[in-house]
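The values are calculated or read from the model by the stated rules, or taken from the named source; none is laboratory data. No experiment lies behind these values; they were computed from the predicted model shown. So basically every Cβ, Gly included, is an ideal-geometry build from the backbone, and we count neighbours across all protein chains shown. All accessible areas refer to the heavy atoms of the entire protein, side chains included, with ligands and DNA or RNA removed. Shrake-Rupley method; radii C 1.70, N 1.55, O 1.52, S 1.80 Å.
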Amino acid sequence: MNVIVIDVGGTHVKILATGQTEPRRLPSGPTMTPAAMVAGVKELAGDWKYEAVSVGYPGVVIRGEIKAEPFNLAPGWVGFDFQSAFGRPVKIINDAAMQALGSYQGGLLLFLGLGTGLGSALIADGVIVPMELAHMAYKKATYEDYLGIRGLERLGKKKWQRHVAFVVARLIAVLHPEDVVLGGGNVRKLKEIPPGCRLGDNAHAFIGGFRLWEK
């Protein structure tokens, strides 16, 4: 089956289809509606052939359905009929969970995505458990306000990295994961990788999207 994987982010939408080697992308942001995303993807992938669609969505997804509007995009995503819009079967998963699935090697995995916001997911013996750690209270705001792009810009790299290391250490102490992957667009800005972690890659999101359709 030829699958197109769509990784919806707060600043860009990235796509890759079966048999292709170079991802393509279009800008997103606070004016990006689901209809605009679909139209942009169709135009961008006009010369690609695909029979199914995987969507990594930056928000709450329960049993394949979007349950909350995104924080960094325009509203209208809850209840949107992606299958009709694409004219193909569609599977939707939280974007961090999709990248976690692409990074998964077995056991208990904790994934944290350091991007526009803060993505988080667990995979326990093959079972994906999406989380929304981003909006939990931390210091004077939330985890996302310190570990996401707003925190990086406000605090600077040095202080931002200290918060990343502190939060990662606390989560490891609570969850006891066998593997910790740090992904997202800002992970390369870490000067030091926190103990017990390995770096992910945004390309793993595409692997996760392809894996969604594997038996």
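Couple of notes before you dig in:
- Failed item in (1) in a strand (DSSP E or B); (2) under 16 Å from residue 9 (Cα atoms); (3) modelled with pLDDT of 95 or more, with residue 198 passing the rest: (2)
- Count of residues meeting criterion [crowded, with 23+ Cβ neighbours inside 10 Å and either charged (D, E, K, R) or modelled with pLDDT under 95 (or both)] in the range 122-146: 1
- Selection of the range 181-193 for residues being of a type in the set (A, V, I, L, M) and either at pLDDT 95 or above or surrounded by fewer than 17 Cβ atoms within 10 Å (Cβ to Cβ) (or both) yields 181, 182, 190, 193.
- The condition of being outside any helix (DSSP H, G or I) and either at positive phi or polar (S, T, N, Q) (or both) holds for residue 106.
- Checking each residue in the range 149-163 for being open to solvent by 100 Å² or more (accessible area, probe 1.4 Å) and either of a type in the set (S, T, N, Q) or closer than 18 Å to residue 134 by Cβ (or both) picks out 153, 154.
- If the condition is being within 21 Å of residue 135 (Cα to Cα) and assigned to a loop (DSSP other than H, G, I, E, B), then the range 65-93 contributes 67, 68, 69, 70, 71, 72, 73, 74, 75, 76, 77, 78.
- Test: residue 52 is out of contact with any His (no Cβ under 8 Å at 6 or more places or on another chain), of a type in the set (Gly, Ala, Ser) and over 23 Å from residue 170 (Cβ atoms): yes
- Only residues that are within 24 Å of residue 121 (Cα to Cα) and either among the β-branched types (Val, Ile, Thr) or open to solvent by 40 Å² or more (accessible area, probe 1.4 Å) (or both) were counted across the range 48-63, and they come to 6.
- Among the candidates 45, 36, 17, residue that is in contact (Cβ under 8 Å) with a residue 40 or more places away in the chain and surrounded by 16 or more Cβ atoms within 10 Å (Cβ to Cβ): 45
- Any chance residue 120 is of a type in the set (Gly, Ala, Ser), over 16 Å from the mean Cα position of the chain (by Cα) and either under 23 Å from residue 189 (Cα atoms) or assigned to a helix (DSSP H, G or I) (or both): no
- Hits in the range 1-14 - residues which are open to solvent by 10 Å² or more (accessible area, probe 1.4 Å) and either at pLDDT 95 or above or over 20 Å from residue 119 (Cα atoms) (or both): 1, 2, 7, 14
- Looking only at residues of the range 164-180 that are touching a residue at least 60 places away in the same chain (Cβ under 8 Å) and in a helix (DSSP H, G or I), we find that the one that is surrounded by the fewest Cβ atoms within 10 Å (Cβ to Cβ) is 175.
- Restricting 53, 41 to those that are at pLDDT 95 or above, in a strand (DSSP E or B) and among the β-branched types (Val, Ile, Thr) reduces the list to 53.
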